[in-house]
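The structure appears below as structure tokens.
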Amino acid sequence: MDTPFPYDKFVTGKNFIGRKSDCTILSNLLSQGEHVTIYEPPKTGKTSLIQQALFSMRFMNRTFTVGQFSVLNIRTVDDFLLRYGSTVIRMVASTPTEYARIVAEYLQGTHFVFDENAFADRDQLLSRGWDLDDEDVKAVLRLPFRIAEDRGKPLILIIDEFQNVNETEDGDRILRPLDAIIKEEAVQGRKSFSFIFCGSMVNAMKGIFETSLLFHRHVTRIKLSPVDEREIADHVVKGFLSGGKVLDKDLLIGACRLFQGHFWYINHFASICDSMSKGYIMEPVLVDALGSLIAVHEPRFRAMVSGLTTHQVNLLRATVDGNTRFSASEIIRKYSLNSSANVKRVKDALMKKEILTFDADDKPSFLDPLFEYWVKKYYYELPE
């Protein structure tokens, strides 16, 4: 059933609000055969942006083929390579005969094979006939570049939760040759294939694309722009009007501010308001809806804080209180952080748990606005 407040899937078209410049930038980069990375917290609009950009490219009659897979449940290098290669082959082939021909043509001399029995039994397109060596890794990682160049038709491969490459037994075995291949292709001036590396673990993705210096200047990060709260409010008000309901725009702007423009939370919140109201939506309905939204997510928030050490809880409180110079002696004393060396360890731990992130000036921010609100009001019981 169509709903004015979708929060269970990505959105395009009339439900895609703001970020028009982001969409244009992404479309232009992909049209030029550039590689892109997008890493933002979960449910902040990464997939919606990508799908809207692809929609715009198709509307402008640009031809391309898209493939997509997730690294979420991959824990070995071999599994990554097999899924990667299988996804690429499925982008340009659709029958067992075609699969076998592509494997024979492009992966000849490697330990990759097309096993008819594995395909018939498990729909497994690519198999390994022996342990994979470094040359096998390079061959399969280069596969989409070679196919795109030979066929003269642009290919785009979306890899979701890319940070989980480092959850395998040796992430560098994938990352370093991939970095080298991307740079080699750039030197050759080949622009027929593009990666979109997506990740919802912001700090883990920063570790790959910023700290490590891999893919430097060859993969462009697109950072999601904030959506103007009034534009969000207008969209939500129209959604209520389509159902014959009225909501004061100023009240809604206050909610948008609390959620810091996080559209998934806003749509979920609006959907709850919609289910709890008839006609004119008053402020008590918004308060009750917020309570319901908190109740949905509170078990997750409780699990997050339960997994923190005392020092991590103390640094979180220092962040809530607006501090930034955590290694200053007075902050260390006030929040019982022990030492500047310990502060660094605690910061690293909170980043690894994807609770806080730090900008170039080492200023902290919460990655989840609703969790930040819950921590302040329900965990530390601070006055609003």
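The values are calculated or read from the model by the stated rules, or taken from the named source; none is laboratory data. These numbers were taken from a predicted model, which means no experiment stands behind them. In this analysis, Cβ positions are derived from the backbone assuming ideal geometry, glycine residues included, and neighbour counts consider all displayed protein chains.
So here's what we get for this one:
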read-out	value
Single residue of 236, 165 found to be buried (at least 19 other Cβ atoms within 10 Å of the Cβ), touching a helix residue (DSSP H, G or I) at 6+ places or on another chain (Cβ under 7 Å) and under 24 Å from residue 79 (Cα atoms)	165
Residue satisfying condition, being in contact with a helix residue (DSSP H, G or I) (Cβ under 7 Å, 6 or more places away or on another chain) and either modelled with pLDDT of 95 or more or on the phi > 0 side of the Ramachandran plot (or both), within set 318, 289, 303, 341	318
Identity of the residue in segment 149-166, in a helix (DSSP H, G or I) and modelled with pLDDT of 95 or more, that ends up nearest to residue 47 (Cα to Cα)	162
Filtered residues of segment 253-267 (kept if closer than 20 Å to residue 297 by Cβ and modelled with pLDDT under 90)	254, 255, 256, 257, 261, 263
Check on residue 75, at pLDDT 95 or above, within 20 Å of residue 132 (Cα to Cα) and assigned to a loop (DSSP other than H, G, I, E, B)	yes
Test: residue 146 is over 16 Å from the mean Cα position of the chain (by Cα), over 23 Å from residue 6 (Cα atoms) and either in a helix (DSSP H, G or I) or assigned by TED's automatic domain parsing to the domain that holds residue 110 (or both)	yes
Enumeration of residues in segment 175-200 that are surrounded by fewer than 21 Cβ atoms within 10 Å (Cβ to Cβ) and either charged (D, E, K, R) or part of a loop (DSSP other than H, G, I, E, B) (or both)	176, 179, 183, 184, 189, 190, 191, 192
Close pairs (6 angstrom Cβ cut-off, 6 or more residues apart or separate chains): in contact (Cβ under 8 Å) with a residue 24 or more places away in the chain and loosely packed, with under 12 Cβ neighbours inside 10 Å in segment 129-152, in a helix (DSSP H, G or I) and of a type in the set (A, V, I, L, M) anywhere	none
Test: residue in segment 270-277 that is closer than 18 Å to residue 11 by Cα and in a helix (DSSP H, G or I)	yes
Matching residues in segment 1-27 - criterion: being more than 18 Å from the chain's Cα centre (by Cα), part of a loop (DSSP other than H, G, I, E, B) and polar (S, T, N, Q)	3
Qualifying position, being outside the structural domain of residue 167 (by TED's automatic domain parsing), within 22 Å of residue 381 (Cβ to Cβ) and of a type in the set (Lys, Arg), among 345, 333, 317	317
Within segment 115-127, tally of residues that are touching a strand residue (DSSP E or B) at 6+ places or on another chain (Cβ under 7 Å) and buried (at least 17 other Cβ atoms within 10 Å of the Cβ)	3
Test: residue in segment 61-69 that is part of a helix (DSSP H, G or I) and closer than 26 Å to residue 215 by Cα	no
Residues satisfying the stated conditions in segment 201-221, i.e. touching a strand residue (DSSP E or B) at 6+ places or on another chain (Cβ under 7 Å), surrounded by 18 or more Cβ atoms within 10 Å (Cβ to Cβ) and not in a helix (DSSP H, G or I)	219
Meets criteria (modelled with pLDDT of 90 or more, aliphatic (A, V, I, L, M) and either within 29 Å of residue 363 (Cα to Cα) or not assigned by TED's automatic domain parsing to the domain that holds residue 374 (or both)) for residue 246	no
Top-ranked residue of segment 28-46 - restricted to ones that are aliphatic (A, V, I, L, M) and not in a helix (DSSP H, G or I), ranked as nearest to the chain's Cα centre (by Cα)	38
Tally of residues being in contact (Cβ under 8 Å) with a residue 12 or more places away in the chain, in contact with a Ser or Thr (Cβ under 7 Å, 6 or more places away or on another chain) and either assigned to a helix (DSSP H, G or I) or not hydrophobic (A, V, I, L, M, F, W, C) (or both) across segment 363-384	2
Residue that is outside any helix (DSSP H, G or I) and either surrounded by 20 or more Cβ atoms within 10 Å (Cβ to Cβ) or of a type outside the set (Asp, Glu) (or both), where the choices are 286, 241, 315, 224	224
